[in-house]
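Colleague: Quick one: the structure is below, and I'll ask about it shortly.
The values are calculated or read from the model by the stated rules, or taken from the named source; none is laboratory data. Note that the structure is predicted; figures quoted are calculated from it, not measured. Cβ placement follows ideal geometry from the backbone for every residue including glycine, while neighbour counts extend to all protein chains displayed.
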Amino acid sequence: MTKLLVVAGTADGAAYIATQPKETEIVATTFSPLGAACIAPRAGLKTVAGALDEAGFARLLAAERPDFLVDMSHPFAVEVSANAKAAAASQNVPYLHYERAAAADPDANIIRAADFAAAVALLADMPGNILLTVGSKTIPQFMALPDFAERVYMRVLAASRVLRELEELGVDPAHVFAMKGVASAELNIALARFCRAAVIVSKESGAAGGLNEKLAAAKALGIPLLLIERPQADDAAYTSFAAIDRVIYQK
C-alpha cells in the first residue's frame with residue numbers, strides 16, 4: 001500500500017488528492033483549517049492543519065513514514081517548500097515538487113516586477129488607485145507607498161486571523177474585500193470599478209491561482225496588470241500530476 005504526505009492547502013493540492021487511487025493513504029498538511037476544509041473527504045485521508053517548520057515536517061515524516069512527500073504548496077511559498085524538502089532529505093523520504101503552469105495572455109497589458117520590492121517601486125510612480133490581489137502577508141511592504149491609506153484597496157482571504165492582522169496594521173476596513181477562493185473575472189471587474197483602480201496587482205500564481213480571471217478583468221477595463229514574477233524553484237519540478245504519479249506508481 002502506498003502512503004503519501006502531501007503539502008496541500010492549495011487548489012492544486014485538493015485536486016491532486018482527489019485523483020489518487022482509493023487504496024492510497026494520504027496525510028495532507030495545510031496552513032489553516034480553512035485549507036483543510038477545501039479537501040474533499042475520502043478513505044485513508046488524514047489532515048494536519050498548522051504552520052510547519054523543518055523540524056515540524058521532520059517529526060511528521062518520522063511519525064507517519066510515508067513513501068513520498070509531494071509538495072503541492074503555492075508557488076510563492078518558498079520557505080514552506082525549503083522546509084519540506086530539507087525534512088524529507090533528513091528522513092530519507094523522496095521529495096516530489098509540483099509547479100503549476102504559468103498563465104499568460106499575449107494581448108493583455110502586463111507590467112512585470114521581479115519581486116515585491118520592485119512592484120512597490122513601480123507603483124510609487126504610477127498615479128491612481130491600486131487593487132492588490134496578492135494576499136495579506138505582503139501588505140506591510142505596500143504600506144510604504146505614498147497615500148497608501150487613500151489609494152490602495154486589497155482583496156484578502158476571509159479569515160479572522162487575516163482581518164485581525166490588517167486591523168493591527170491600521171488598514172481601513174473600507175479598503176478591504178474579504179472572500180474565499182478564486183474570484184471570477186466579473187467579480188474582479190466589479191471590485192476594480194468600485195475602487196476606481198488604475199492598476200490591478202497580482203502574483204504570478206498561474207491559472208489555479210486565478211490569474212486568468214485577473215488578466216481578463218484588467219483587459220476588460222483597459223488598465224494594466226502589474227505581475228509579480230514567482231521565485232525560481234531550486235529543484236527540478238514536475239509540471240503535471242501524471243508525471244508525479246509515474247514516479248510514485250511506476251506507471
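Colleague: Would you mind listing the helices (runs of 4 or more DSSP H) fully within the range 18-94 where at least 1 residues are outside the structural domain of residue 159 (by TED's automatic domain parsing), touching a residue at least 24 places away in the same chain (Cβ under 8 Å) and more than 30 Å from residue 116 (Cβ to Cβ)?
Modeller: Fully inside the range 18-94 and qualifying: 54-64, 78-90.
Colleague: Do you know which of the residues in the range 1-56 that are among the aliphatic types (A, V, I, L, M) and surrounded by fewer than 12 Cβ atoms within 10 Å (Cβ to Cβ) is nearest to residue 206 (Cα to Cα)?
Modeller: Filtering the range 1-56 for residues that are among the aliphatic types (A, V, I, L, M) and surrounded by fewer than 12 Cβ atoms within 10 Å (Cβ to Cβ), the one nearest to residue 206 (Cα to Cα) comes out as 18.
Colleague: Tell me whether the range 38-54 contains one or more residues that are charged (D, E, K, R), at pLDDT below 90 and more than 20 Å from residue 180 (Cβ to Cβ).
Modeller: No, there is no match, as no residue in the range 38-54 is charged (D, E, K, R), at pLDDT below 90 and more than 20 Å from residue 180 (Cβ to Cβ).
Colleague: Here's another thing I want to ask about it. Which of the residues spanning the range 205-221 are under 19 Å from residue 126 (Cβ atoms), touching a residue at least 60 places away in the same chain (Cβ under 8 Å) and surrounded by fewer than 20 Cβ atoms within 10 Å (Cβ to Cβ)?
Modeller: The answer is 219, and nothing else.
Colleague: Out of (1) assigned to a strand (DSSP E or B); (2) surrounded by fewer than 20 Cβ atoms within 10 Å (Cβ to Cβ); (3) of a type outside the set (A, V, I, L, M, F, W, C), what's the single condition that is false for residue 202?
Modeller: Result: residue 202 fails condition (2) only.
Colleague: Among (1) within 23 Å of residue 219 (Cα to Cα); (2) within 19 Å of the chain's Cα centre (by Cα); (3) not aliphatic (A, V, I, L, M), where does residue 160 come up short?
Modeller: Result: residue 160 fails condition (1) only.
Colleague: Now a separate question. Inspect all residues belonging to the range 180-187 and state whether any of them is under 30 Å from residue 67 (Cα atoms) and in contact (Cβ under 8 Å) with a residue 12 or more places away in the chain.
Modeller: no
Colleague: For the range 3-16, name all the residues that are at pLDDT 95 or above and either over 20 Å from the mean Cα position of the chain (by Cα) or farther than 14 Å from residue 96 by Cβ (or both).
Modeller: 3, 4
Colleague: Within the range 180-194, how many residues turn out to be assigned to a loop (DSSP other than H, G, I, E, B) and over 21 Å from the mean Cα position of the chain (by Cα)?
Modeller: 0
Colleague: Related question: Are there any pairs with C-beta distances below 7 angstrom linking a residue in the range 121-137 that is surrounded by 21 or more Cβ atoms within 10 Å (Cβ to Cβ) to a residue that is acidic (Asp, Glu), with the two at least 6 apart or on different chains, and if so which?
Modeller: The qualifying pairs are 136/165.
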